[in-house]
Amino acid sequence: MKILHTIAEIREFVRQVRLDGRTVGLVPTMGYLHEGHLELMRRARERCGAVITSIFVNPTQFGPNEDLARYPRDLERDARLAAGVGVDAIFNPPVEEMYPAGYCTYVDVERITENLCGASRPGHFRGVATVVTKLFNIVRPDLAFFGQKDAQQALVIQRMAADLNMDLEVVTVPIVRETGGLALSSRNVYLEPDQRRAALVLSRSLDKAAEAVRAGERDAPKIRRLVEDMIRAEPLARIDYVEIYSYPGLEPLERFQGPALLALAVSFGRTRLIDNVILEG
């Protein structure tokens, strides 16, 4: 497996892959890999002739007072894990390679970025859309793989790729969870043992909501209150949002008959976690 740090190096790698007649799969990450990332890479390995994962902690998607400086980084560990699932190359550029002096071009996806994490983290999806556009232009993958845990992000990337006529398929892979139900995230490493136990309320509340929908409940505010009440009963939890929107359009809902996204963001101490479930109305 190769570890490449410049745009010229990764483009030459892709050129050689194309000469061999192989398709290219890209798994964009910010590193500190976990089983959720590895599942994306396995899916890419199944469908593509060559698998590239990018490891880049993208500064433009972090807001003031967020965790850019303390975001976990360990390239040696990540390389070992990626090699173990068959990744062919890691693209690990320095910030100045992606955003050289004088850089002033950004990508904005409107409407579907105005709620959920887009509302609570202004500018976040501008940074996400910009860096992913750059990665797509640099690598030119046939397929790109994203996790359902970041459901809004996956929808933003799909919308961007469609609107800008990008010649690739965006694949969304289901959430991978720990045994107790906690959705895997690189930020889980921040959690103290008591916070980790408390965070299990997130998946429990989503399960309870899905159970209510299966029993026939279609009132979105009632389902939202059910989830909020469960989370508020956990003393260590601090709710950022609990929302239900149409899926994939992310339109506000009072009642729903088709698929809906129940998404939440909750902090435990300084650690903000997100999770979601698709409710089949």
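Derivation of every value follows stated rules applied to the coordinates shown; laboratory data play no part. None of these values were measured; they are calculated from a predicted model. Glycine gets a Cβ as well: all are built from the backbone with ideal geometry, and neighbour counts include every protein chain shown.
Couple of notes before you dig in:
- The chain: C-alpha gyration tensor shape, a/c 1.5 cut-off, then a/b vs b/c: prolate
- Under the combined filter of DSSP loop state and at most 16 neighbouring Cβ atoms within 10 Å, segment 99-145 retains these trypsin sites (Lys or Arg not before Pro): ARG111.
- Pairwise label distance in nanometres, ASP108 with ARG77, each label 7 Å out on the Cα-Cβ vector: 3.8
- Shape of segment 162-281, Cα gyration tensor, a/c cut at 1.5: oblate
- Placing +1 on the Cβ of every Lys and Arg and -1 on the Cβ of every Asp and Glu, with no other charges, gives the chain a dipole of roughly 260 debye about its Cα centre.
- Between helix 75-84 and the chain: long-axis angle, C-alpha atoms, 0 to 90°, nearest 10: 90
- Between segment 34-100 and segment 211-262, the alpha-carbon center distance in angstrom: 32
- Straight-line reach from LYS208: taking Cα to Cα under 17 Å and skipping same-chain neighbours fewer than 8 places apart, the aspartates and glutamates in range are GLU217, ASP219, GLU228, ASP229, GLU234, GLU243, ASP275, GLU280.
- Placing a pseudo-label 7 Å from each Cα along the Cα-to-Cβ vector at GLU66 and GLN257 gives an inter-label distance of 3.8 nm.
- With Cα atoms, 0 to 90° folded angle of helix 193-214 axis to the chain main axis: 70
- DSSP-assigned coil residues among chymotrypsin sites (Phe, Trp or Tyr not before Pro) in segment 101-210, each with at most 14 further Cβ atoms within 10 Å: TYR103, TYR106
- Folded to 0 to 90 degrees: helix 35-47 orientation relative to the chain principal axis, Cα: 50
- Approximate spin-label separation LEU164-ASP229, in nm, with each point projected 7 Å along Cα-to-Cβ: 4.5
- Shape analysis of segment 1-138 places it in the prolate category; the axes a ≥ b ≥ c from the Cα gyration tensor give an a/c of at least 1.5, with a/b above b/c.
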